[in-house]
Amino acid sequence: MPAGRLAKLAVIGTAAGLFSGLFGVGGGTVIVPLLILWFAYSEHLATGTSLAAIAVIAVFAAATHGAYGNVDVEKGLLVGLPAVAGVLVGTSLQQRISGRTISLMFSVLLVGVAIELLAG
């Protein structure tokens with residue numbers, strides 16, 4: 001793999017880790033858009049690749065936050081276990097939607113969250 005490509009992947013990973021540690025997000029908001037913009041990944045491939053990276057990031061982020069006493073394991077399980085059903089439904093739905101529609105839906109979500117955070 002060319003050095004420039006490796007460097008961009010390292011930047012994406014570092015940014016995702018930073019955002020994950022700071023805000024609890026990183027994959028969808030950092031990895032997916034940058035894989036699409038910098039590597040011309042399709043929305044579907046970027047999402048799947050991001051989820052693979054998030055599995056690694058989440059373990060280390062949760063462990064680090066846990067060391068600071070910032071993890072409620074019971075509530076995490078109560079949120080995480082039902083999320084598996086959401087992942088199955090969401091992934092199935094995503095396979096039936098065009099990449100452009102996914103990008104538009106994601107953009108609307110990000111703008112809505114930004115507005116809510118600014119207004120709140």
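Select from the range 73-93 the residues that are open to solvent by 70 Å² or more (accessible area, probe 1.4 Å) and in contact with a helix residue (DSSP H, G or I) (Cβ under 9 Å, 6 or more places away or on another chain) and write down the one among them that is nearest to Gly26 (Cα to Cα). So the residue we want is Val87. For Ala53, indicate whether it is surrounded by 14 or more Cβ atoms within 10 Å (Cβ to Cβ), touching a residue at least 40 places away in the same chain (Cβ under 8 Å) and either in contact with a helix residue (DSSP H, G or I) (Cβ under 6 Å, 6 or more places away or on another chain) or among the aliphatic types (A, V, I, L, M) (or both). Considered against the rule, which asks whether it is surrounded by 14 or more Cβ atoms within 10 Å (Cβ to Cβ), touching a residue at least 40 places away in the same chain (Cβ under 8 Å) and either in contact with a helix residue (DSSP H, G or I) (Cβ under 6 Å, 6 or more places away or on another chain) or among the aliphatic types (A, V, I, L, M) (or both), Ala53 comes out as yes.
Restricting attention to the range 9-33 and to residues that are open to solvent by 40 Å² or more (accessible area, probe 1.4 Å) and in contact with a Phe, Trp or Tyr (Cβ under 9 Å, 6 or more places away or on another chain), the residue that is modelled with the lowest pLDDT turns out to be Val25.
Just give me the residues in the range 34-50 being under 17 Å from Gly90 (Cα atoms), free of Cβ contacts under 8 Å to residues at least 40 places away in the same chain and open to solvent by less than 60 Å² (accessible area, probe 1.4 Å), in sequence order. Hits for the range 34-50 are Ala46, Gly48, Thr49, Ser50.
The values are calculated or read from the model by the stated rules, or taken from the named source; none is laboratory data. For clarity, every value in this text was computed on a predicted model and none was experimentally measured. Note: ideal-geometry Cβ built from the backbone for every residue, glycine included; neighbour counts use all protein chains shown. Note: areas computed on protein heavy atoms with side chains; ligands, DNA, RNA excluded. Shrake-Rupley method; radii C 1.70, N 1.55, O 1.52, S 1.80 Å.
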